[in-house]
Every structure is written in structure tokens, then in C-alpha cells.
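Participant: I'd like to ask you about the structure that follows.
The values are calculated or read from the model by the stated rules, or taken from the named source; none is laboratory data. On a predicted model such as this, the values are computed, not experimentally measured, just so you know. Cβ sites come from the backbone with ideal geometry, for glycine too, and all protein chains shown count toward neighbours. Protein only, heavy atoms only, side chains kept; ligands, DNA and RNA dropped before computing areas. Shrake-Rupley method; radii C 1.70, N 1.55, O 1.52, S 1.80 Å.
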Amino acid sequence: MAESGNEAFVTLATNDTYVLGSLVLAESLRRVGTQKKLVVMVTNEISETLKHNLHTVFDDVHVVDLLSSEDFKNLQLLGRPDLHVTFTKLHCWNLTQYSKCVFLDADTLVIQNVDELFDKEEFSAAPDPGWPDCFNSGVFVFKPNVDTYKSLLQFAATEGTFDGGDQGLLNRYFNDWPTKDIKTHLPFVYNVVSQAFYSYLPAFKQFKQNVKIVHFIGAVKPWQHPYNYASGVVTPLPDSGHDAEFLQHWWNIFIDSVQPTLNPAAHTDSPQCLKSEPPTEGLIGQLASLGVDNPVDRSAMDSFHRRMAWEQGQIDYMGEDRFENIQRKLDDAKMKKNNK
Ligand code: UDP
Ligand code: GLC
Ligand code: MN
């Protein structure tokens, strides 16, 4: 068997919010006692302070160029225009200093040690419950090789991707995966995507304790959920599809090990956070300032989460979102406009 020092878990973050995910993921891997190296690929879009945070938990922070599929037509079908950047994942085949790697999306969370995945060969992945003859590309075993990288880019140029992201490309490229060799099929417990909780609830109840990796797929990620700092409890948003217990696990790690290391000053001062739109841009600063001693930032955080809940159709008609408050906000906005 290859030496462990030469094997790595690899993830990707092209912006600061996905950095949060990658920090929790890395911490989850450390907590289950992985013996493998931890590598994160980032683009130059991420802030310098968060890059520093990454260095404290990852063995290797690897800067790569952003790759876009530019296929917004297929991404529209998927309902996730933001995922054009997932082509950046392909850079993982260039990490030839490692003999074998396991790629993990930044929205995954490791619940039990999964170092045995390195006994699998390229290309191993778990089925996607949306279409089980396709694999989900949030967790896969691969062997870095520059020729594979070049061949994937070439293939992308000629064949394209059917979902606009890396999953539609990789499933076309490794197209014998559904039938060729069952050994390359990872059991579902290595990539339990949220939809499964609702599509087969009895199985989820039966096998939940076997779950090794949770994958918070979809547009709403754990870090966008309302978290009450005083009680230490996260509230699952309706339709996010995420399981309350796994979400809580994510937040427990975040609050214990990641949030205390975030630098509020760096984030409130950065030009990126001076802009209030889109809402996630201020999120890091608000999360960094989260705490009982910080009522001002606490309320900023609350207002962010209220807005998220509102957008999810969860409206607090009797409380903060009651008619008088909405009317007051509309009046304020009108006054500001008139004073311009
Ligand atoms: N990703 C990123 N920046 C983005 C979008 C995605 O770095 O703006 C990376 C990140 O590692 C993420 C992965 O690409 O986990 C796939 O995207 P996502 O997990 O959001 O897709 P889903 O699993 O929800 O389909
Ligand atoms: C999927 C996967 C994700 C991938 C995306 C785009 O839903 O979970 O890893 O990046 O599709 O192809
Ligand atoms: Mn994902």
C-alpha cells in the first residue's frame, strides 16, 4: 500500500463563504483522527486573512486559477448559476506531489474516519440519488496526473458538461462508472446527500448511525442557517433539506473551532464587506463578531438570518416581520430616496 504521507484529502474554495465550509470540513477530518494530508485549493478571490486561517488547519494551501464552464444554459436546468466555477475542481489532477487523493466538496462534513477510502482506485464515487447511474462529484477517489487534467479540459471543450458543472463533465468522462466495476462504487454512507432524508426516510432512520460523510447539497448551506448563540442551537430552514442533527454537528464544530479564530476587524474593514449586497458578503464579518458580548453584531447577524428565512418563505408575521415594521422600513426607504 502507498505511504500515507503521500496521500491527501483535497477540497476547494473559490470565495470566502466556501472557505468557512472548508475550515469546518478540515476540522471534522482532524477530529476523526485522519492520518492523511489535508489540502485546499483556493483562488485569488479569497481574502488574505482567511488564507491565514486555512494555513493553520490545512497542510497545503494551493492557489489555482479559476476555471469556469461558462455553460449557463445547463446550469439553469440545475438551478445553480453559481456552479460554473466548479470546473476549478479539475485542478485537483495537477496535485502530482500526492500519489492518491480523495476530493471532498467544501459543503461536506466527515462524521467517522474514512481513511479506508484510499484503498479504492481512480475513479471511485458514490451514486447520486437524483440519478443513481450518475455518481455525485462531491466525494471521489482519484489519482493526480497532469495528462488526465489536460485530457479532461480537452474533453470539456469538445463534449461539454450536461449539468454545467464538474459533475456533468466527470460523469461523461468516466462514463463506464455505472457498469464497469462495482469496486469503484462507494457505498452511499460516504456521500449522504440531503435529499435522501426525505426520499427514503425509513432507510435514513435505519442507517443514519452508519453515515460517514454528510454532503449539504443545494443552494442553502449550513453557514446560512439561523443560529442562536445564546442557546447554541441551529434552526433548519424549510426546504433546505438538511437534517437538524447533522446541521447542529456542523455548527458545533464551527463555534468550537473555527469561529474563535476568525478576525472580526479584518472582515468589517475589508472593502468587500463595506458592500451590503449580496448578503453572504457581510456574513463572514457577522459570524466573526458573533458572541454574547457583541450585541450589535448579533443583531446584524439576526437581520441577515431573518432575511434568509424571509427568502425561504418563513415570515415572522407576529414578530420582527409584522406589518408595522415592514411599513416603517418602506417609509424609511422612501424618505432616504426623497432626501437624495
Ligand atoms: N465551490 C466554490 N465556490 C463556489 C461554488 C462552489 O469553491 O462559488 C466549490 C466548493 O468546494 C463546493 C463545490 O465547489 O462545495 C461544489 O459546489 P456546491 O457544493 O455548492 O454544489 P452542490 O453540492 O450543492 O451541488
Ligand atoms: C453536484 C455536486 C457538486 C458539483 C455540482 C456541479 O450536485 O454535488 O459537487 O460541483 O453538482 O456539477
Ligand atoms: Mn457540494
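Participant: Say a paramagnetic label sat at a point 7 Å from the Cα of ASN210, along Cα to Cβ; which residues of the stretch 103-130 have their backbone N under 18 Å from it?
Facilitator: 111-117, 125-129
Participant: Which whole-number value in Å² is the accessible area per residue of the stretch 10-166, probe 1.4 Å?
Facilitator: That works out to 40 Å² for each residue.
Participant: Moving to a separate point now. Using Cα pairs closer than 8 Å and at least 6 residues apart in sequence, work out the relative contact order for the stretch 1-112, in percent.
Facilitator: 38 percent
Participant: Quick one: pull the percentage of alpha-carbon pairs in the stretch 1-132 with a separation above 21 Å.
Facilitator: 43 percent
Participant: With all protein chains present and a 1.4 Å probe, how do ILE46, ILE182 order by accessible area, largest first?
Facilitator: Largest accessible area first, the list is ILE182, ILE46.
Participant: With +1 assigned to the C-beta of every Lys and Arg and -1 to the C-beta of every Asp and Glu, and no other charges, what is the dipole magnitude of the stretch 1-43 about the Cα centre in debye, to the nearest 20?
Facilitator: Charge dipole, the stretch 1-43, about its Cα centre: 100 debye, nearest 20.
Participant: Continuing with the same structure: Evaluate the distance, in nm, between pseudo-label points positioned 7 Å from the Cα of VAL63 and of GLU45 along their respective Cα→Cβ axes.
Facilitator: My value for the distance between the label points is 1.6 nm.
Participant: While we're looking at this one, here's another question. Run the 1.4 Å probe and let me know the accessible area of SER124, rounded to the nearest 10 Å².
Facilitator: Looks like 0 Å² after rounding.
Participant: Okay, next question. When the accessible area of the stretch 187-248 is computed with all protein chains present and a 1.4 Å probe, what percentage of it is carbon and sulfur?
Facilitator: Summing carbon and sulfur atoms, their accessible area is 59 percent of the total for the stretch 187-248.
Participant: First check a/c for the stretch 1-43, with a ≥ b ≥ c the square roots of the eigenvalues of its C-alpha gyration tensor; if it is under 1.5, answer rounded, and if not, answer prolate when a/b is larger than b/c or oblate otherwise.
Facilitator: Oblate shape, in that a/c is at least 1.5 and b/c is the bigger or equal ratio.
Participant: Would you mind telling me the share, in percent, of accessible area of the stretch 90-169 contributed by carbon and sulfur at probe 1.4 angstrom?
Facilitator: The nonpolar share, carbon plus sulfur, comes to 51 percent.
Participant: To continue, here is another question. Can you give me the distance in nm between label points at ALA157 and LYS73, each placed 7 Å from the Cα along the Cα-to-Cβ direction?
Facilitator: 2.0 nm
Participant: Under a 1.4 angstrom probe, counting protein chains only, how are TYR200, TYR227, TYR18 ranked by accessible area, largest first?
Facilitator: TYR200, TYR18, TYR227
Participant: Okay, moving on. Out of the stretch 119-211, which trypsin sites (Lys or Arg not before Pro) are coil in DSSP terms and have no more than 12 other C-beta atoms within 10 Å?
Facilitator: LYS180
Participant: Along the stretch 89-104, what does the Karplus equation 6.51 cos²θ - 1.76 cosθ + 1.60 (θ = phi - 60°) give for ³J(HN,Hα), rounded to whole Hz, x for Gly and Pro?
Facilitator: Per residue, the Karplus-derived 3J(HN,Hα) values read 3, 4, 4, 4, 6, 7, 7, 6, 6, 10, 7, 8, 9, 10, 7, 10 Hz.
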